[in-house]
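Peer 1: Mind having a look at this structure? Questions to follow.
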Amino acid sequence: MSGQGATTHHIKFSIWTLVTNNRRHLSVPSDTRYAIYSHTVVRAGFNAPHLIPSSNAMDITTVSLPTRLRFLPLCPTSAPPPTTAPPLTGVIFDVDGTLTLPQPWMFTKMRSLLGVLPGTDILTHVSKVADPPASMALIKRIEDEGMLAATIAPGVEPLLNYLTARGIRKAILTRNYASPVSHLLSRHLGLRYTFDPIVTREFYPPKPEPHGIRHIAGLWGCDTRELLMIGDSIDDMAAGRRAGAATVLVGHSGNGEIRVHEFTDYVVESLDQLIEVLENGLSEVIRPREEVREQLEDAKEVLAQ
């Protein structure tokens, strides 16, 4: 499969073990950015810790992965090939687990105190209880605790400095409420960076719905295809994909399965890893599903042995 501006990367695959729900999947070495999951070629990210080499690694097959630019390079070293890729106009950041280190204890505590069942969205649960204001007050108290314990994630400031220097707009889209976000920016980032707009959960409907991203695109006067959504949850990836934006997952120990989700376009372990990617133009794989499925049948049999 090809398209305007498409290129083809040939990768020699080996048997590796991808730790996901204790199942084995075919993937590629961690110094590449692609993996194979459920017969679909997806990016695996940089230095992915969830890719563990098998002791009996062996070459299986060579698969051609056609790719195309998702955004024009911010600092091209040469003239890019003919492409319909849009420029990168702006980057939208989640807060918890993205600009800050993840604090999963907050959500565990919310679920415990509110009786939210696993798999049920916390805000959806609260909207249906007998006394939503009381439940929201409890959530805010927990968020305030998290606000005081928040730590800026590694790589955040180098990326923000880079985007500012390149004239790329920045916004925040979070399911948190406004006070912790203001505290984060004033205490930890010293108001050195402009995030405009800052969209909190008061904007309805929140993530995973795409409306917040569309709202930001409207304020900026651009198409959603010109935007990059960065987050650490499936809500972030779903909102970005549904809006038509590119998505980047900040990987950590609590979101391994989202790394290989179809809504995730790219994975980084630290936000400053995005600088080199954006310099050269973030690419996306054109997924020829039927062809890949056929090419991987033999590899599946090897892994099943």
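The values are calculated or read from the model by the stated rules, or taken from the named source; none is laboratory data. Just so you know, these numbers come straight off a predicted model, no measurement behind them. Cβ atoms come from the backbone with ideal geometry, glycine included; neighbour counts cover every protein chain shown.
Peer 1: Among the listed residues Gly212, Gly190, Gly155, which satisfies the condition of being of a type outside the set (A, V, I, L, M, F, W, C) and modelled with pLDDT under 95?
Peer 2: One residue alone meets the criteria, Gly190.
Peer 1: Let me confirm something: among Leu191, Leu173, which residue is within 21 Å of the chain's Cα centre (by Cα) and of a type in the set (A, V, I, L, M, F, W, C)?
Peer 2: Leu173
Rundown of residues vs (1) surrounded by 17 or more Cβ atoms within 10 Å (Cβ to Cβ); (2) without any contact (Cβ under 8 Å) to a residue 24 or more places away in the chain; (3) touching a helix residue (DSSP H, G or I) at 6+ places or on another chain (Cβ under 7 Å); (4) in a helix (DSSP H, G or I), yes/no style:
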position: Ile172; (1), (2), (3), (4): yes, no, yes, no
position: Pro180; (1), (2), (3), (4): yes, no, yes, yes
position: Glu209; (1), (2), (3), (4): no, no, yes, no
position: Leu228; (1), (2), (3), (4): yes, no, no, no
position: Thr247; (1), (2), (3), (4): yes, yes, yes, no
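Peer 1: Also, I was wondering about something else. Kindly establish whether Leu185 is over 18 Å from the mean Cα position of the chain (by Cα) and on the phi > 0 side of the Ramachandran plot.
Peer 2: no
Peer 1: Now a separate question. So which of Thr247, Thr224, Thr151 ends up being out of contact with any strand residue (DSSP E or B) (no Cβ under 7 Å at 6 or more places or on another chain) and β-branched (Val, Ile, Thr)?
Peer 2: Criteria check complete, one pass: Thr224.
Peer 1: If you don't mind, there's one more thing I want to ask. May I ask you to list the residues in region 118-146 that are among the aliphatic types (A, V, I, L, M) and either over 24 Å from Ala238 (Cβ atoms) or in contact with a helix residue (DSSP H, G or I) (Cβ under 8 Å, 6 or more places away or on another chain) (or both)?
Peer 2: Listed by number, the residues that qualify are Ile122, Val126, Val129, Ala130, Ala134, Met136, Ala137, Leu138, Ile139, Ile142.
Peer 1: Can I ask one more? Which members of region 148-159 meet the condition of being closer than 21 Å to Ile234 by Cβ and assigned to a helix (DSSP H, G or I)?
Peer 2: Once the filter is applied, which keeps residues that are closer than 21 Å to Ile234 by Cβ and assigned to a helix (DSSP H, G or I), region 148-159 yields nothing.
Peer 1: Can you pull out the residues in region 145-197 that are among the small types (Gly, Ala, Ser) and within 23 Å of Thr89 (Cα to Cα)?
Peer 2: Residues satisfying the conditions are Gly155, Ala165, Gly167, Ala171.
Peer 1: Can you pull out the residues in region 239-255 that are within 9 Å of the chain's Cα centre (by Cα), small (Gly, Ala, Ser) and under 16 Å from Asp96 (Cα atoms)?
Peer 2: Gly251, the sole residue that qualifies.
Peer 1: Take the conditions among the small types (Gly, Ala, Ser) and within 30 Å of Pro73 (Cα to Cα) and apply them to Ala217. Does it pass?
Peer 2: In short, yes.
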